[in-house]
Amino acid sequence: MAEPTTEPLVSFRSVHKAFGTYVAVKSLDLDIHRGEFIALMGPSGCGKTTTLRMLAGLEAPTSGAITIGGKVMNDVPPHQRDTPLVWQSLALFPFLSVVENVEFGLRMRGVAPKERRDRAMLWLERMQLKGFETRRIDQLSGGQRQRVALARSLVTEPEMLLLDEPLSALDAHLVIRMQGVLTRLQKELGITFVYVTHSQSEAFAMADRVVIMGNGEIAQIGRPQEIFRGPKSRFVAEFVGRNNILGGTVKGGVMETAQGAVPLPAARDGKAEIVVAADRVTVSGERPAGAAIRASFLSEEFAGTGIICYFETADGAEWKAQVTESQLASLQPESGQEFWLSWNADSAHVMGG
Amino acid sequence: MTRKFDPYPHVWRLPLLIWQGAFFVVPLLFMAALSFWLVKNYRMEPAFAFDNWERMLGRGAFWDAYWLTLFRACMAGIIASLIAFPASLFLAFHLSPQGRRFALLCLIVPFFTSFLVRAYAWQVILAESGPVNALLGGIGLGPYTMLNSGFGAMIGYLTLVLPLVVIFQTWSLAAIDKSLIEAAANLGASPARTLVSVIIPAAKTGLVLGAVFAFIMTFGDFVSPFYLGGSKPPTLTILIIDTTKSGQQWPRAAVVAIMMILTLFAVATAALKAAYGRRG
């Protein structure tokens, strides 16, 4: 990851955006550094797309300031910015050929026909679209269109690229491939990528830093690992997924909960909430030593790398545990059967602490 | 598996087929046949003679009327499109969907009144002593002769076609994916360049169809050239009326009508190709 060495490329200062009475973004403060891959992530309506659109000048902030390269951009119209955006719908021009789409930005900047055709062809080659230049957009596959949209945005050699859920319309196998294309491209070009997504896996797989947003505010900023292992709030823990949350009162390294007492050496006395990731929960029939609670089995779900088992505690809380196929075979859980869910007391993360 | 014949869908098709067959295809064929008949002593006699075709197409007056009609229809298509476009842009991009629906409803209202009545209204408005000349007189201009001229006819044509052209254009402009317009700006296109490079190409189908409908309606209009254009020089529609009135020459009028149909067919085909055609 490119550590911030100079002043940030982009900064949002107390940015507020309202549509009528609906507040989309509330007092947003965010710095985006040169050369970083930053992901804005959150559920729909959290303000991530509005933030991105304000950066491109497609929405004007109600108050606050957005600077790019030290210059306040609030009143600069979109066509005078250099902030190409890859749309969720791709927004390719259906009445232009592939190469005409790619050279559009150069045409608008007055680059001579010969030069812009050459530069567009170079990008088509780079995106492995050579031979498709005279095709119409509707003659391309989803993945090819995606690459045309990337080429069209990058042909003008911008300092940053904005991406608004660009992979959400693709098949699962293509998503993985395009993630590779995007991260490689970002490293090679060394430019800033601002990536909006609701997908935790996309954001965590690609981004240097992830910004979790909820209700128009930033809930947490950090590296994927930091956010995954150390969610600051219940909102982040739940949004990131596959986390179990347990609340109670700590006294002398032990937390009293509705499920009984569990050891919690790291926490101060008082009310606390802990997060235990599903991959750190062990399922067993006998009560193990250490931190454990009792819960009844609900169902299992095959999740590619493992199996997620769903449990319910006596007070109705849902718990998830990731097990391997062989573990599942030896447990042979039946619906309603009671198990002990245990974890290493040190691997529990205390929220808000 | 053999499927039993299901009469149900065909029953619904029948009325239209009967109607089109009885009142369009058969009369059309009859008209084609009629163009080869001969008129003797003011009576039509079935025949297969090329006499009518030779006389009509060999006449300078026919071709004068033909080119005049063609020229006026082209002009009406172009002028109506140009006048309609700013209005359509406004309706498509600056109104809420509800506002747009209301505006389009208002554009249909003119069709509630017979076009003939609207043409008569223009006769009053454009008259030598009418309100337009009175207004122009107020600033020391005129009076101008506006009726019984190509200008008068054009006012009539535009009255006939403008609402329809606006509807076509608005429909196609409003249907443009808004992200295309944003993408153009995002890629450095000023609003004026976005209009030329993205909005017009994206709305091409509706823009061409609007112009073609204006052409078709103008080409076959009789009211405007007759009541507002003074019928001299004659258009093809007026030529048809004159021909039928003079000595029962229905066969020669049929020749004019067939020439009109062939022209409209050629223009409509070319226009549809332009509207829906793609390159590459």
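The values are calculated or read from the model by the stated rules, or taken from the named source; none is laboratory data. Since this is a predicted model, take the numbers as computed values, not measurements. Positions of Cβ are backbone-derived with ideal geometry, glycine not excepted, and every protein chain shown enters the neighbour counts.
Quick notes
- For A:Val102, the conditions (1) more than 14 Å from every other protein chain (Cβ to nearest Cβ); (2) touching a helix residue (DSSP H, G or I) at 6+ places or on another chain (Cβ under 8 Å) all hold with the exception of (1).
- Taken together, B:Ile181, B:Ile167 contain a single residue that is crowded, with 19+ Cβ neighbours inside 10 Å and more than 10 Å from chain A (Cβ to nearest Cβ), which is B:Ile167.
- Residue match in the stretch B:147-169 (condition: more than 27 Å from the chain's Cα centre (by Cα) and not in a helix (DSSP H, G or I)): no
- Qualifying residue in the stretch A:31-47 (condition: of a type in the set (Val, Ile, Thr), in contact (Cβ under 8 Å) with a residue 24 or more places away in the chain, within 14 Å of chain B (Cβ to nearest Cβ) and crowded, with 18+ Cβ neighbours inside 10 Å): no
- Sub-8 Å Cβ pairs linking a first residue in the stretch A:258-271 that is within 14 Å of A:Gly352 (Cα to Cα) to a second residue that is polar (S, T, N, Q) and in a strand (DSSP E or B), at least 6 apart or interchain, are A:Gly270/A:Thr249; A:Lys271/A:Thr249, ordered by first then second residue.
- Subset of the stretch A:51-72 [closer than 17 Å to B:Leu187 by Cβ and either assigned to a loop (DSSP other than H, G, I, E, B) or at the interface with chain B (Cβ under 8 Å from one of its Cβ atoms) (or both)]: A:Ala56, A:Gly57, A:Leu58
- A:Pro333 being in contact (Cβ under 8 Å) with a residue 60 or more places away in the chain and in a loop (DSSP other than H, G, I, E, B): no
- Scanning the stretch A:73-86 for residues that are over 21 Å from B:Ile200 (Cβ atoms) and part of a loop (DSSP other than H, G, I, E, B) turns up A:Met73, A:Asn74, A:Asp75, A:Val76, A:Arg81, A:Asp82, A:Thr83, A:Pro84.
- Of everything in the stretch B:189-230 that is part of a loop (DSSP other than H, G, I, E, B) and in contact (Cβ under 8 Å) with a residue 24 or more places away in the chain, the residue that is farthest from the other protein chains (Cβ to nearest Cβ) is B:Gly230.
- A Cβ distance below 8 Å, combined with a sequence gap of six or more or placement on separate chains, defines the contacts here; from the stretch A:211-238, residues that are closer than 14 Å to A:Ile274 by Cβ and in contact (Cβ under 8 Å) with a residue 12 or more places away in the chain reach residues that are assigned to a strand (DSSP E or B) and charged (D, E, K, R) in the pairs A:Arg234/A:Glu273.
- Here A:Leu185 fulfils each of the conditions (1) modelled with pLDDT of 90 or more; (2) closer than 22 Å to A:Met54 by Cβ apart from (2).
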